[in-house]
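Trainee: Take this structure first; my questions come after.
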Amino acid sequence: MISFSGIDISTIFVQIVILYILALIGFGSTKSGLLPENASVVLSKFVMRISMPCTILSKMISSDFTKEDYLNGIKLYFIAIVFLTITFFISCGATKAIKPGDAVSNVYKMQSMFGNVIFFAFPLFTALFGDVGVVYALFFNMGNDTFLWTIGVWLANKHKGGNFLQNAKHLVNVNTIAFVTGVIVMLSGLNTYLQGSFISEIFSSIGATTSPLSMIFIGMVLAGVKIKEFAGKKNLVSLAALSLQKLLLLPLISIGILLLFKDFLGEATIIIAVMQLSMPVGTLTVSLAAEYESDYKFAAAGVMFTTILSIITMPLVVWVLKCFY
């Protein structure tokens, strides 16, 4: 059950600290040379291509979704679309004012839109809400992916004249296939027969590695960030503006707007939406920036700054939401 009665600010803080400890393991393992330099690449591919799909299928098989849950999921999909659009236009104004340069401007816009709705959110929601929290988060993630693999890739490649329509093919990936398969299994009622079966156990066993490996991967990414490379005033201003917009401005705007429709949206939908919108910058943005030869160093710094600050801002955002709900 997703509700305020099941969580408090200290619970969120404790869970975030636990996730940070896992990230520190990845950070220390990389810095000390205990793991090879390319370990983060291998780990990322394992999580995204194997353990994450297993997590999706495992959670959807074990969850008993009601009609209301499906309707809430659809609402979350469209909430993601709406607020990512709002974020894009806010970012256009912010980068126009800051003028950090084309490469950084495009990365700024991309990172302000796409939070860590998988690697950070899934472990947190699992701890706070159980399987149902992850399934709700998946609907939001579908909206996130709709923009990430079109507008997000276009922004990463914009400095080279990329066309975002050409990137729509990325929407069909192993995770979206797993999600659609899971929905079909749930709608058909097959999940009730699969619960407790050896198939379910296989998915569950592999999927259980997603949360710790996701946080270890984040730590490994942060280990590669060199703070001295961002000592320039313009970079620091851009990072400060990005952090403020991503971690506080957008979540607070979302609270103000979503509460106007709280009778229609429901408590569970608003909680998941606001928490997803308050996530630190997604680690996938670094990979996209590097792949399309954009400013991946700024992207890495954006992940580092927002991930560190989120230990303060996320509990604050939830506290504000509880005050007005």
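The values are calculated or read from the model by the stated rules, or taken from the named source; none is laboratory data. Since this is a predicted model, take the numbers as computed values, not measurements. Note that we place each Cβ from the backbone using ideal geometry, even for glycine, and neighbour counts take in every protein chain shown. Accessible surface areas use protein heavy atoms only, side chains included; no ligands, DNA or RNA. Shrake-Rupley method; radii C 1.70, N 1.55, O 1.52, S 1.80 Å.
Trainee: Filter the stretch 86-143 down to residues that are free of Cβ contacts under 8 Å to residues at least 60 places away in the same chain, open to solvent by 20 Å² or more (accessible area, probe 1.4 Å) and of a type in the set (A, V, I, L, M, F, W, C), then give me how many there are.
Mentor: Of the residues in that region, 3 qualify.
Trainee: Just the residues that are over 10 Å from the mean Cα position of the chain (by Cα) and more than 14 Å from LEU249 (Cα to Cα), please, taken from the stretch 274-294.
Mentor: THR285, VAL286, SER287, LEU288, ALA289, ALA290, GLU291, TYR292, GLU293, SER294
Trainee: All but one of (1) open to solvent by less than 20 Å² (accessible area, probe 1.4 Å); (2) of a type in the set (S, T, N, Q); (3) modelled with pLDDT under 80 hold for ASN235; state the number of the condition that does not hold.
Mentor: So ASN235 meets the others, but not (1).
Trainee: Spot the failing condition for LYS31; the list is (1) closer than 27 Å to THR176 by Cα; (2) in contact with a helix residue (DSSP H, G or I) (Cβ under 7 Å, 6 or more places away or on another chain); (3) open to solvent by 20 Å² or more (accessible area, probe 1.4 Å), and only one is missed.
Mentor: (1)
Trainee: Taking SER40 as meeting all but one of (1) under 28 Å from SER205 (Cα atoms); (2) buried (at least 19 other Cβ atoms within 10 Å of the Cβ); (3) touching a Leu at 6+ places or on another chain (Cβ under 9 Å), write down the number of the exception.
Mentor: Here SER40 clears every test but (3).
Trainee: Go through the residues of the stretch 247-261 one by one and say whether even a single one is under 19 Å from ALA23 (Cβ atoms) and touching a Lys or Arg at 6+ places or on another chain (Cβ under 8 Å).
Mentor: no
Trainee: Filter the stretch 16-28 down to the residues that are modelled with pLDDT under 90 and open to solvent by less than 40 Å² (accessible area, probe 1.4 Å), then identify the one that is farthest from LYS226 (Cα to Cα).
Mentor: ILE16
Trainee: Answer with yes or no whether PHE65 is of a type in the set (A, V, I, L, M, F, W, C) and more than 22 Å from the chain's Cα centre (by Cα). Spell out the reasoning first.
Mentor: Numbers: of a type in the set (A, V, I, L, M, F, W, C): yes; more than 22 Å from the chain's Cα centre (by Cα): yes.
In short, yes.
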